[in-house]
Amino acid sequence: MGVFPIFNWLTRRAECGTPCQKCRVKCEIDAISKQGDIDMKECVQCLECIVINSSPSLCAIEVVATKKRQRKERLIEIVYE
């Protein structure tokens, strides 16, 4: 399948796999382990995981970080009002 990986820049975050499983669940090839590691021999470079990983609205880690940042900004606004 993915014997000749074109891209070696498929990245993952430290949180990939634990606790997040979104990319693994979305991977139709099943090339992502429960720990979040990408098996480059199985990966067909569809880039779905990259789309999720780089999206502030799809990546669970980014969604949580954005919510925390927004909450902090609201608290700062309240303090300075």
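The values are calculated or read from the model by the stated rules, or taken from the named source; none is laboratory data. Owing to the predicted nature of the structure, the values given are computational and were not obtained by experimental measurement. We place every Cβ from the backbone using ideal geometry, glycine too, and count neighbours over all the protein chains shown.
Structure above, values below:
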item	result
Flag for residue 28 being touching a Cys at 6+ places or on another chain (Cβ under 8 Å), among the charged types (D, E, K, R) and exposed (fewer than 15 other Cβ atoms within 10 Å of the Cβ)	yes
Complete set of residues in the stretch 31-81 that are surrounded by 11 or more Cβ atoms within 10 Å (Cβ to Cβ) and in contact with a helix residue (DSSP H, G or I) (Cβ under 8 Å, 6 or more places away or on another chain)	32, 33, 36, 38, 48, 49, 52, 53, 55, 58, 59, 60
Filtered residue count, the stretch 33-64, keeping only those that are more than 9 Å from the chain's Cα centre (by Cα), part of a helix (DSSP H, G or I) and under 16 Å from residue 12 (Cβ atoms)	1
Within the stretch 1-51, considering residues that are among the small types (Gly, Ala, Ser) and either in contact with a Pro (Cβ under 7 Å, 6 or more places away or on another chain) or modelled with pLDDT of 90 or more (or both), the one farthest from residue 65 (Cα to Cα)	31
